[in-house]
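Rule-based calculations on the coordinates, nothing more; no lab input. Being a predicted model, the structure only gives us computed values, none of them experimental. Cβ: placed from backbone, ideal geometry, glycine included. Neighbour counts: every protein chain shown.
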Amino acid sequence: MKTISHHSALIYVMVIVSAADGAMSATELRAIGDLVRELPVFKDFDQARLLPTSQECAAILQEPDGLDAVLGLIKGGLPDHLYETAYWLALEVALADSRVALEEIRVIDTLRRTFGIERLIAAALERGARARYQIA
């Protein structure tokens with residue numbers, strides 16, 4: 001099986017959540033760009049690779065069993081210690097446009113199971129992500 005870098009795997013996570021409802025909103029795309037620019041996990045990532053990496057993921061998703069293929073690549077490209085980071089990134093993208101579609105929830109739950117993240121830890125990450133987007 002082809003392997004991808006941890007950077008690509010994290011970007012793939014964000015892309016599959018954004019694309020889950022059939023449309024990648026401008027707000028979600030902006031959030032992905034901001035996260036890649038700002039987070040320490042991407043400090044040695046070439047920013048010029050963001051669009052091509054996103055397009056690679058989108059192309060795989062168009063294939064039969066594309067989501068399963070992408071999930072396999074993600075799991076193979078991420079070290080265990082980045083599973084929670086990946087889950088949190090998925091939440092950030094889903095919450096970026098102030099609406100979380102049922103399809104996004106399904107993908108996020110699939111990611112939780114793929115990474116083996118316990119429900120209590122997932123709930124804590126979800127609460128933290130929601131708190132970040134609260135308004136007065």
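Okay, here's what the table says:
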item	result
Percent of Cα pairs exceeding the 26 Å cut-off, where the set is region 6-132	11 percent
Loop sites in region 43-136: GluC sites (Glu not before Pro), DSSP, at most 12 other Cβ within 10 Å	E118
Low-density loop cleavage sites - trypsin sites (Lys or Arg not before Pro) in region 4-56, where at most 14 other Cβ are within 10 Å (DSSP)	K43
Modelled FRET efficiency - R0 30 Å, S5 with Y133, Cβ distances, 0.05 increments	0.55
Length released on extending from E38 to K75, taking residue separation times 0.36 nm less the Cα-Cα span	11.0 nm
Distance between region 22-78 and region 81-110 - C-alpha centres, whole angstrom	13 Å
Least to most buried among H6, H81 (fewest other Cβ within 10 Å first)	H81, H6
Among I105, I121, I74: highest mean-square fluctuation, GNM of the chain, C-alpha pairs under 10 Å	I121
